[in-house]
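The values are calculated or read from the model by the stated rules, or taken from the named source; none is laboratory data. If you're wondering where the values come from, they're calculated on a predicted model, not measured in any experiment. Glycine gets a Cβ as well: all are built from the backbone with ideal geometry, and neighbour counts include every protein chain shown. Surface accessibility is based on the protein's heavy atoms, side chains included, excluding ligands, DNA and RNA. Shrake-Rupley method; radii C 1.70, N 1.55, O 1.52, S 1.80 Å.
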Amino acid sequence: MTEGTAEITQELVDRLADASSLAVFTGSGISAESGIPTYRGNIALWAGFRAEDLSSVEAFERDPEQVWQWYEARRRQIAEARPNPGHAAIATLERALGRFRLVTQNIDGLHQRAGSVDPIELHGSIWRARCTREHIIVDLSECPLASLPPVCGRCGAILRPDVVWFGEPLPHGPFEAAQDAAAFCGAMLVVGTSAQVMPAASLPLVAKQNGAFVVEVNTEPTAISALVDATIVGPAGGVLPELADRVVERAASGGAPR
Ligand code: BJW
């Protein structure tokens, strides 16, 4: 397979279907067609603030109520959104292929709502919170929240979103599981991430260094396009349904179509 912009060729389908296991690694681009903004390249502001001004430990320590208002606005937007055909195609691959792992940087929970079971969430979830005193993690699927900022039902301390802000370590268990998925997969599908945020962005490189066939699906070339085996340029919701259908059909047939 040559590097560069690729069509969904039979060779590409064969390589994914024949892989010993498939890892799918997603970023916010997979949810763009559900109406959820991506992180970079957007100049969308909330109440005059840039996302990075609110998505940080410093912002939370300075004004937790303001940070929670921002997260609550996003929670409501996500709650009203629907998984799109890209999420559904990934769930189809998971159901059809024996050895499969989904690793996501997304906090929106749309993979689960599309039918994916237990994806590895590297940057946490907007549907959970963490006690700032006892650090226990609590479900926060209630939407809208009754009051802001939410407080811990056990000790009364303020809760914080159970997400990973810049400068914070990724949760150990999920990151270790993601590294294993990348190191031991036969193929990796990288969808809708600019691959700029470390250490998550190292996962496609880990896969490649360990011999995996790595395919990227994105609306534009990214930081890793020169390193992967193929980049399919197009929207995930347009590309993935056809790709998944062909991989599943090919895997079910047990051999290349004549
Ligand atoms: C489509 C599409 C369609 C659009 N179809 N595609 C070097 C080494 C290690 C670390 C660093 C380093 N240099 C700097 C760092 C630190 C930092 C970092 O990486 N900074 C970079 C910006 C340079 N990393 C960290 O701080 C991380 N922690 C860490 O390193 O800890 C070390 C440590 C160890 C021990 C103790 C203490 C510390 C933490 C990173 C946390 C990231 N958090 C966020 C916010 C989550 C919460 C929230 O949402 O509020 O996670 S930031 C944001 O970026 C979010 C995302 O998950 C993440 C990735 O973004 P993503 O998904 O790639 O989005 P975009 O917008 O960049 O790209 C979208 C893509 O979709 C584009 O390519 C489009 O083209 C495409 N697209 N429509 C297909 N329809």
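Provide Rg over Rh for the chain; use the alpha carbon set for both Rg and the Kirkwood Rh (inverse mean inverse pair distance).
Numbers: Rg = 18.9 Å, Rh = 19.0 Å.
Result: Rg/Rh = 0.99.
Over the chain, with every protein chain in place, what whole percent of the accessible area is carbon and sulfur at 1.4 Å, could you tell me? Walk me through the numbers on the way to the answer.
On the way: 6270 of 12210 Å².
After summing per-atom areas, the C and S share lands at 51 percent.
222 nm [θ] for the chain, helices only, -39500 (n - 2.57) per DSSP H run of 4+, per residue, to 500?
Mean residue ellipticity at 222 nm (helix-derived): -10500 deg cm²/dmol.
Going by a ≥ b ≥ c, the root eigenvalues of the Cα gyration tensor, does the range 54-108 fall in the rounded group (a/c under 1.5), the prolate group (a/b larger than b/c) or the oblate group?
oblate
If you average the C-alpha positions of the range 123-169 and of the range 217-258 separately, how far apart do those two centres end up, in angstrom?
Between the Cα centres of the range 123-169 and the range 217-258 lies a distance of 36 Å.
Starting from 0.36 nm per residue, how many nanometres of slack lie between Ser21 and Ala51 once their C-alpha separation is accounted for?
Values: separation 30, 0.36 × 30 = 10.80 nm, distance 3.60 nm.
This chain segment gains 7.2 nm when fully extended.
Full-extension gain between Ala146 and Val117, please, as 0.36 nm times their residue separation minus the C-alpha to C-alpha distance.
That works out to 7.6 nm of additional length.
Could you state the angle between the C-alpha long axis of helix 236-253 and the longest principal axis of the C-alpha atoms of the chain, as a value from 0 to 90 degrees rounded to the nearest 10?
Approximately 50 degrees, to the nearest ten.
Probe of 1.4 angstrom, ligands and nucleic acids ignored: what's the accessible area per residue over the chain, in square angstrom?
Counting only protein heavy atoms, the per-residue value for the chain is 47 Å².
Quick one: work out the % antiparallel among DSSP beta bridges in the range 1-153, nearest 5. Could you put the intermediate results ahead of the total?
Working: 4 of 11 bridges.
Here the antiparallel bridges make up roughly 35 percent for the range 1-153.
For the chain, the longest stretch holding no GluC sites (Glu not before Pro) located in a DSSP loop with at most 11 other Cβ atoms within 10 Å is which? Write down the numbers at each step before the final one.
Working: sites that count: Glu7, Glu134, Glu142.
Result for the longest clean stretch: 8-133.
Within the range 11-120, list the trypsin sites (Lys or Arg not before Pro) lying in a DSSP loop whose Cβ has at most 16 other Cβ atoms in a 10 Å radius.
Arg40, Arg50, Arg99
Taking a virtual spin label 7 Å from the Cα of Glu58 along the C-beta vector, which residues in the range 171-210 bring their backbone nitrogen under 19 Å of it?
Flagged as within label range: 198.
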